[in-house]
Structures are given as C-alpha cells and as structure tokens.
4 protein chains.
Amino acid sequence: MELIREGDRVLFLTEKGKRYLVEVVRGKRFHTSEGYIDLEQLIGERFGCKIRSNTGSIWTVFKPTILDEVLHFTRLTQIVYPKDLGYIILIGNVRCGLRVVEAGTGSGALTTILASCVAPEGKVYSYDIEEKYLENARKNLEKLGLIKYVELKHGNIEEGVDEREVDLFILDLPEPWKAVSTAYEALKDSGIFISISPTIEQVVETVEELRLKGFGDVSTVEILLREMRVKKGMTRPVHLMHAHTCYITSARKTVKTDMK
Amino acid sequence: MELIREGDRVLFLTEKGKRYLVEVVRGKRFHTSEGYIDLEQLIGERFGCKIRSNTGSIWTVFKPTILDEVLHFTRLTQIVYPKDLGYIILIGNVRCGLRVVEAGTGSGALTTILASCVAPEGKVYSYDIEEKYLENARKNLEKLGLIKYVELKHGNIEEGVDEREVDLFILDLPEPWKAVSTAYEALKDSGIFISISPTIEQVVETVEELRLKGFGDVSTVEILLREMRVKKGMTRPVHLMHAHTCYITSARKTVKTDMK
Amino acid sequence: MELIREGDRVLFLTEKGKRYLVEVVRGKRFHTSEGYIDLEQLIGERFGCKIRSNTGSIWTVFKPTILDEVLHFTRLTQIVYPKDLGYIILIGNVRCGLRVVEAGTGSGALTTILASCVAPEGKVYSYDIEEKYLENARKNLEKLGLIKYVELKHGNIEEGVDEREVDLFILDLPEPWKAVSTAYEALKDSGIFISISPTIEQVVETVEELRLKGFGDVSTVEILLREMRVKKGMTRPVHLMHAHTCYITSARKTVKTDMK
Amino acid sequence: MELIREGDRVLFLTEKGKRYLVEVVRGKRFHTSEGYIDLEQLIGERFGCKIRSNTGSIWTVFKPTILDEVLHFTRLTQIVYPKDLGYIILIGNVRCGLRVVEAGTGSGALTTILASCVAPEGKVYSYDIEEKYLENARKNLEKLGLIKYVELKHGNIEEGVDEREVDLFILDLPEPWKAVSTAYEALKDSGIFISISPTIEQVVETVEELRLKGFGDVSTVEILLREMRVKKGMTRPVHLMHAHTCYITSARKTVKTDMK
C-alpha cells in the first residue's frame, strides 16, 4: 500500500465540491474558503482518506490523475475539455511509443496528456510561436516528470517542421489550414491529422485544404457532454452544459502512386 | 518508409464510403458490392495509396488503427462508440503500465483498447461469465498481438476477483451495483471505478451503492457526438445522430481512517 | 360527447406503433400491413376507442390534431419537425388575427399550422414559384377547412410582395438573404422576421444581410429533440435522434428616425 | 402606421444586449446600468426606433410580444423556456377556441401563453394551491388584457376539477401522477394530456400511471436549444447551453368500449 509522502501531489475534494491540487510540503499551511489544513499532517496517511479543515469542513484526499493535473494547470490559462481530449487520444491511436507533432503548445494541456500516453517510448514535439507558452508548459511537464517525453520547440509551424515519419500531427491554431502542407510532409504514410477549432469557418477552410493536399477519410465532429445529477427520486441532467468547445477534424494521409 | 507486406492488415475505404478490414493474403481475392481486388497486388505498395477494383471503384488503403480494428470486430457483435471509449480512457488515467480489471469482456472492444493503452508494461484482467465471449475476445486479441497484455478469466465478478491493488476497475454489466464491493476490494487507495450502463435506473442503483460502499467523487455523464457535413456553402450537422449509447459513471475509492 | 361520423378524419395508432390518417367513408375498407378494417364500423363510436383489424391487431382511433394532419401530408413530400414548428409559432407571436407572409409554400406544412393558429380572424399569404406546390397545399388546406385563412400566391418573393404592414414574415427558401429587403418592406414597424435554413452558410449570409438592412435583435438557434424510452427499470433516451433539421434565424424590424 | 402612445408597453434592447419591459408613462424616468431615458420622449415615435440614453447608450424600442412579456414577468419568479412552451402549444393543438385546464398556475407564464393562443373564443382554467401565485398571475394577465380568457381557481387538482370535456389538460406539478385520474375525468374523448417535470423519476411514475389509467400514445421528450453566434469568419455554437429544463410527457385519452 502506497502512503502519502512528502513531495507528493494530492487532490483535495472539499465538502462543497471544490478541487485543489497541492504539493505536500512540511511546514506549509493550505488555505481555502473552507478553512485551512497543515499539509504535514497528510504524510503517512493513505490516499483516499478524509481530513478535516480547521473550520470543520471535510475533504477527501485523492491521488491526482494526469487529467486532474491538466484541468488544474489550465485553470490558470484556458479551459480544456476531457470530452475532447479523450476523443482525440482515441482517434489519434495514441499509445506508448507514438511520435506526435503538436502546434501550438498553448496551455500545454494536450501536450501533457499526449506525453503521458506515449511514455516511456514515444515522443511529443510541441511547437509554439510564443515563448511564454513554451516556458509555462515546460514547468508543468517538469513537475509531472513528463518533460523527457516532450521536445518543446519555438517556431512557426507553417514554415515546416524538422520531424518526418511521425504518426500523428495535431493542430490547435487559429489558421490550421496554413499548416496542412507541413503536416503532410511530416506524417508517415497513412498517418493521422487532427485539428481543433472553435469556429465553423476554420473547419470549412481546413477541410477544403485537406482534400486538396492529399488527405483522405476527412471527418469533423463535435462532442457534447451532459452531466447527470443522480439521486434516487431526483435524477435529471444538469441544467447548464458546456455545449460547444471546439470542432474536431481528422484525416489520414494518402499517397499518390501509379494506381493499379 | 513502411510498405505493405504479406500478412499485414489493411483498411479499405471505398468510393462509396464503406470500410473493410482485411489481411493481405497472396492468391486471395476480396469481394465487395463495389467489385473485387486481388489482395496480392497490395504487396510492396505504400499505405495511403489508392487502388481500383475490377469495376473501377477507387479505394484508399490505410493502415488500420486499434480503433479501426475494434470497430470492425464489434460490427460482428455489438456497437462500440469512440466517443465513450475515448472518455473512459481519459478519466480512467489509462496509460502504459496500468493494471485494470474489466467485466464483462463482451465483444472485447474495450478490452482491446485498454490492452493497447497499457502495453507493454501493464495488464488487463477481463472477466466474463460467458465462455463464448472470452473465446471471441481471445481470437481478436491474438490477431492484433495484444493477448500478452490481457488475462481472460471465466467467472462471476460479483463473487470477487483475484486481483488486488489495481488502478482501474471497469464494469459493463446489466447489474453493475452488485459488483461495487468487488471493485472496492480490488482497487488500490484512490483507485478509479467506471461503469457503463444504458438505462438511468442502472445508474441510480449503482451511484447509490457507490456512495454507501466508500467511493467518493461520484459522477455520471453522457457523451454525445455530432458529425458535421463540411462542404463550402453546404455545411451543416449530419441529420441523424447516435444520441444515446450509455451513461458513464465514475468514482474513486476512499478509505476510512481516523480523521485528523 | 362527440361521436365519430361519416366524413370525419381519424388517426389510427396500431399495435406496432404505426400511424394512419383516414377519412371515414361508408363501404370502404382500409388495408395495412397489420390487417384491414371496414371504416363503416367506426361510425357512432367514440374517439379514443379501440378496434380490432381482421388479423386481430388492436388499433386506437384518435381524433387527429392539426399536427397529425401536417405530419401525415408531409410524409408525402418532405419531413417537418414539431420541435421547429412549435418554436417558430412561439417566437413569431402567432395567434388569432395575425397577418403572416410566408415563402415558399413547399409542402404546406407550415402554412397549415400558421393558418390554424391565425384563424378565424387572421390571414396567411403564402408564396411559391412552383405551381405544383401551391396546388398540393390548396388540396390539403381545403380538406382541413383552412383554405379561407390562406391566400396562395404564385410568384418570386425576391421581387417584392403585395402585402404591407404584416406582423410576421417567414422564409423557407434556398437563398433567404435575397428576400430580406422584401421582408423589410412588407413588415410593420417592430414586425418579426423568421428564416429556416439547413446550412450554416445560408445562416451567415442571411444574418449579415439582416444587420445591413435594418433588422435588430437578430438571433439564430437550433432545436434538438430527444425522445425518451420510459419504462420502470429500463428508462433511457432513444438511441437515434433527429439531430439536425434546420437553423432558425429570427429578427425584428427597426426603423430609422432622428434619434432623440 | 401604429405609433407609440402613452400607456403602451415597450421592450428596450440596449447596446449591451439587456432587455427591459416598460410601460410608457409621462413624467417617468427609466433608469438602467446603461443610463436613463425619459419615457415621455417615446410618445409619437415609431416602434422599432432607436433612442439614446443620457449616457449615450443606444437602445432599440420594440413592441413586446407575448413571449417577451412572459420572459419578463417570470424573471421575477422562475425561468420559462421558449423551446418548451412552443412544443407544448404545438402538440397540445392549442389555438383559438380551445378549452384548457392547467395546474399549477405557478408564475403564470404558461397560463399567459395559453390564454393568448385560445383567445378570443377559448378559455384557460388554471388551478393552484397557493393563493399568492394566483394573485401574481391575475396581475400579469390583467396588465396584458388576457384575464377574460382565464379562470384562476384555488384548489388541489388531485381532488378533481369542475370542468368536463376539455380539449387539453396540462400539469406542471411536483407529483403529476396524482392528477392523472383528474385529467382523465376532465378531458374529452381523445383529449390531450401534457405534463412537465424536471426529474426522470417523475416521468417514470407519471407514464406508468397514464398507461394504467386509460391513456394512449404516451410519449416523453426533452427539447434542447443551441444558440449560434453568427458572424462571418467567427461562426460557432454558443459555449453555454441550457441543457435541461424539463421532460415533456404527452398522451391522449382512450375510452373503453366493446371492441369491434
């Protein structure tokens, strides 16, 4: 059985449903609107245990998943959606050993998820034109021990990338159609292209470009998630819903050969 | 560059949008409603190339992903949805090295996806009470070279499982609430529970049981996927939508300790 | 109590869930895949009663609503969706006494619903460039006794309409933006414009034109309907869903005056 | 052309998209967070005109629809959704001359919409057990000139209603299944029953009761509305969506007769 040690990261789920991701540091006190706790008292406890804040609020202490981490550090920049991330990983065939190019790095949320999936044998090459995003991503990846599976690269992907024969090429850019040629060059035969865009015009432009530049099996979807409030006698879907985050466009590289 | 070899599996995407998953065998002819091709002629070609059937229909030849494989072999039993699989993998923190218990094996679709994600260092323990399902899953897993990451087990999971300290416990059973205690015993502290059910009554029963039996962070969602028809000047969501497949309930194991 | 008389229209709902809309005619036999009944035997029966076909299938006999009628006669041309019709009537402020211009008439489904709502004091002016649609709509409206509330007009609405000071202007045309000026001229101050379009490009074009041509409060929505399968212990949303029929764009006429 | 007169009600749509419903009173100043205007200056202006507040904010002045009124006065009690109201009116076959029983009156939103649709020849009988709701509804209906089409009644509908042979019976109650027998008694043959409930358990209970008590064609749906943000080059669905308001269950009265 694995016990909580100094330096571990823990996820607090409070009585009121708030979530906090914290590193266990001796001598440090963690303050919230539901009171504080001394982090030191967690050392030697079991994950999944409950603790009480100074004001009597009861919190559960979980071992954070990669998704918890990602949802936490994007709270500081922009929101990332599990519904979309999960679908991307699945259709991207992402698993141990994969080589992926991604642009832009942005919050590093997708980079982190990708890194955790391709580890320990694969690699994520993540490009951004903004150094500050790369710096932020680096810090997050280091904290999670994932930096060794990622190469953070400064540059404009529209001008091409160094990588060749990659398995997957993922875009989260304002003008994804401008990077379609770069993706084609970098991908291996039958390799997968994915682009994430909030607006329908971005989708149309990108899909037209994909069809022109030799991609096949082009598809665009939108994923919706409905949360349910489950309680005997009072069960119903939650009132508000994150109804639109992005469209996900995918395609596969085709090659021109003398047709048989 | 990787070329198509004898024994490789290929995905045909035909002119009319049909998909076929085939093993490349010398001397074998593959027949469809859009004509046939001699599989032998693929040998030495590039993945992503186009071929022409005897009736002139043009097909693209892709290298199948795990998802292609799963969608193909479930076509023979029951339907599996990428939108749900992706979300499960993500919230289940599934990645290389994980130890997962699953019941029931069913079509083996989820088993296969899980195996491909936990490989090469993890393991999936998949239970079913029907031997025929286990047999069918075994065949599929062998064909894909994933059987070494899976232990297929015959038995009723409600009576307990052999595994302990597993990271993830996934149920796709008609009465999932009856296996909640088994899941609790098998999971490590803070380990993740996931249950998939089509009806709301199954969800309510399971959620009530989870709350009683020491799970926390209980959540139920439903994932919807909208496909878009993208063409300049004619873009719109697709008319029909797979609107309900299942509810996905997740939770994390909590432990009782003397509260501090 | 109102009993079924000769000449009445009835809705059969069969054991297998099929719906038929039939006029009660003496001496006529009504055949279906679930057997036949002699329509004469309905005369003098109560609406809501059950009858048995010659093969023993039990049918319920309802008094048809306007919506039943519309769903029936559009089955012959194209599909109309209650979810969209209901929303249109509500935001169009449609009620007894209203004056509405509509184009195109098409199946006459919307025309019929509008006529039944504005009767007995209002009027629907329905334009189409295809005489065959007007003829078909006329037959349906006559059968339902609604023709006196409708003026069916042959012509291209882009070239203007005869009506002025109308309350509501509704378009179901392939190029709705071309009729925005006509709508502006015909509408009374603060009058309501509604356009129905399947594609997003139609919406964008129309919305841009509305903003240019003096409309305010422009809004576009899409209505989705989920059917539930309700049975104790087996309740869940229906698997397939009509996910997209059309976008509904609405606006109100503004006027230019010396601003105070 | 109809000009704004003293005593008219107007809808302000401000530059920031806020909506206010106001009666035009001489000598009265209307204050908002975007400045104020003197209502008197509207008199003699055209509906659809624009005015400027003292702070320079430009507002459009529309003639309110019944829906505007309803959305306004429910802002004070609870929210009502056009998507649901429209569907109810359509499947309820609501039009001039209809006789409707409704319970409970609640905010009076549905009562008002129903009254405006059945006027000038029909009637709405609206029951509530809370006198304060009846009082509030009366005030709203009087203001809109619709009170003559409504009879507000104090009482518990589970114990029966005075009306017979009504066309439509609508419930918005916490335990709708308890009023199914009352509805059956009051409805004419083949008459329509509608119930609105937020939770799935209410739906299941009500549907089971409807089937037991002689209703047919029972159906439950949920209506979702997606708003689109439409702007050339930036078009996309709105991020947040009111994903669940209520389930709408409908049925039709059947009668027991000697089956032929």
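The values are calculated or read from the model by the stated rules, or taken from the named source; none is laboratory data. Small disclaimer: the values here were computed from a predicted structure and weren't measured. Note: ideal-geometry Cβ built from the backbone for every residue, glycine included; neighbour counts use all protein chains shown.
Mind counting the residues in the stretch D:167-204 that are within 13 Å of chain C (Cβ to nearest Cβ), closer than 22 Å to A:K232 by Cα and part of a strand (DSSP E or B)?
Residues meeting the conditions: 2.
Being out of contact with any strand residue (DSSP E or B) (no Cβ under 8 Å at 6 or more places or on another chain), more than 8 Å from chain C (Cβ to nearest Cβ) and among the charged types (D, E, K, R), is that true of even one residue in the stretch D:61-73?
no
Do we find that C:T60 is in contact with a Lys or Arg (Cβ under 7 Å, 6 or more places away or on another chain) and either hydroxyl-bearing (S, T, Y) or at pLDDT below 95 (or both) in this structure?
yes
Would you mind finding the one in A:V94, A:V24 that is surrounded by 21 or more Cβ atoms within 10 Å (Cβ to Cβ) and either in the same structural domain as A:G145 (by TED's automatic domain parsing) or touching a Gly at 6+ places or on another chain (Cβ under 8 Å) (or both)?
The unique qualifying residue is A:V94.
Regarding the stretch D:192-210, can at least one residue be identified that is small (G, A, S), assigned by TED's automatic domain parsing to the domain that holds D:G104 and surrounded by 24 or more Cβ atoms within 10 Å (Cβ to Cβ)?
Taking every residue of the stretch D:192-210 in turn, at least one turns out to be small (G, A, S), assigned by TED's automatic domain parsing to the domain that holds D:G104 and surrounded by 24 or more Cβ atoms within 10 Å (Cβ to Cβ).
Is it fair to say A:S126 is without any contact (Cβ under 8 Å) to a residue 40 or more places away in the chain, closer than 26 Å to A:A243 by Cα, in the same structural domain as A:I248 (by TED's automatic domain parsing) and polar (S, T, N, Q)?
no
Here is a list: B:L173, B:L134. Which entry is touching a Leu at 6+ places or on another chain (Cβ under 6 Å) and in the same structural domain as B:L114 (by TED's automatic domain parsing)?
B:L134
For the stretch A:12-28, name all the residues that are within 12 Å of A:L42 (Cβ to Cβ) and either in contact (Cβ under 8 Å) with a residue 60 or more places away in the chain or over 23 Å from the mean Cα position of the chain (by Cα) (or both).
Within the stretch A:12-28, A:V24, A:V25, A:R26, A:K28 qualify.
Does B:V70 fit the bill of being part of a loop (DSSP other than H, G, I, E, B) and of a type in the set (A, V, I, L, M)?
no
Return the residues of the stretch C:1-14 that are modelled with pLDDT of 95 or more and either within 23 Å of C:G145 (Cα to Cα) or surrounded by fewer than 16 Cβ atoms within 10 Å (Cβ to Cβ) (or both); say none if nothing qualifies.
If the condition is that a residue be modelled with pLDDT of 95 or more and either within 23 Å of C:G145 (Cα to Cα) or surrounded by fewer than 16 Cβ atoms within 10 Å (Cβ to Cβ) (or both), then C:L3, C:I4, C:R5, C:E6, C:G7, C:D8, C:R9, C:V10, C:L11, C:F12 are the ones that fit.
Would you point out which residue out of C:L224, C:L212 is within 23 Å of the chain's Cα centre (by Cα) and not acidic (D, E)?
Answer to the check: C:L224.
Scan the stretch C:117-160 residue by residue and report those that are surrounded by fewer than 20 Cβ atoms within 10 Å (Cβ to Cβ), part of a loop (DSSP other than H, G, I, E, B) and of a type in the set (A, V, I, L, M).
Of everything in the stretch C:117-160, those that are surrounded by fewer than 20 Cβ atoms within 10 Å (Cβ to Cβ), part of a loop (DSSP other than H, G, I, E, B) and of a type in the set (A, V, I, L, M) turn out to be C:I129, C:L144.
Take the residues in the stretch A:82-116 that are among the polar types (S, T, N, Q) and outside any helix (DSSP H, G or I); name whichever of them is farthest from the chain's Cα centre (by Cα).
Checked the stretch A:82-116; the qualifying residue farthest from the chain's Cα centre (by Cα) is A:N93.
Within the stretch B:129-176, which residues are within 30 Å of B:R9 (Cα to Cα), in contact with a strand residue (DSSP E or B) (Cβ under 7 Å, 6 or more places away or on another chain) and of a type in the set (D, E)?
B:E131, B:E151, B:D172
For the stretch A:67-104, what are the residues that are modelled with pLDDT under 95, β-branched (V, I, T) and farther than 19 Å from A:T220 by Cα?
Within the stretch A:67-104, A:V70, A:T74, A:T77, A:I79 meet the criteria.
Of all the residues that make up the stretch C:215-260, how many are surrounded by 17 or more Cβ atoms within 10 Å (Cβ to Cβ), in a loop (DSSP other than H, G, I, E, B) and either within 9 Å of chain B (Cβ to nearest Cβ) or in contact with a Gly (Cβ under 8 Å, 6 or more places away or on another chain) (or both)?
Matching residues across the stretch C:215-260 total 7.
Any chance you could count how many residues in the stretch B:31-45 are surrounded by fewer than 18 Cβ atoms within 10 Å (Cβ to Cβ) and within 8 Å of chain A (Cβ to nearest Cβ)?
Residues meeting the conditions: 1.
Just a yes or no: is a residue in the stretch C:46-53 among the aromatic types (F, W, Y) and more than 11 Å from every other protein chain (Cβ to nearest Cβ)?
no
Please work out if B:V61 is surrounded by 23 or more Cβ atoms within 10 Å (Cβ to Cβ), under 25 Å from B:I194 (Cα atoms) and in contact with an Asp or Glu (Cβ under 8 Å, 6 or more places away or on another chain).
no
Which of the following residues is at pLDDT below 95 and assigned by TED's automatic domain parsing to the domain that holds D:K213: D:K143, D:K148?
On inspection, the qualifying residue turns out to be D:K143.
Taking the conditions exactly as written (within 23 Å of D:G86 (Cα to Cα) and among the aliphatic types (A, V, I, L, M)), does D:I147 satisfy them or not?
yes
Hey, can you tell me all the residues within the stretch D:90-129 that are of a type in the set (S, T, Y) and within 14 Å of another protein chain (Cβ to nearest Cβ)?
Those that are of a type in the set (S, T, Y) and within 14 Å of another protein chain (Cβ to nearest Cβ): D:T112, D:S116.
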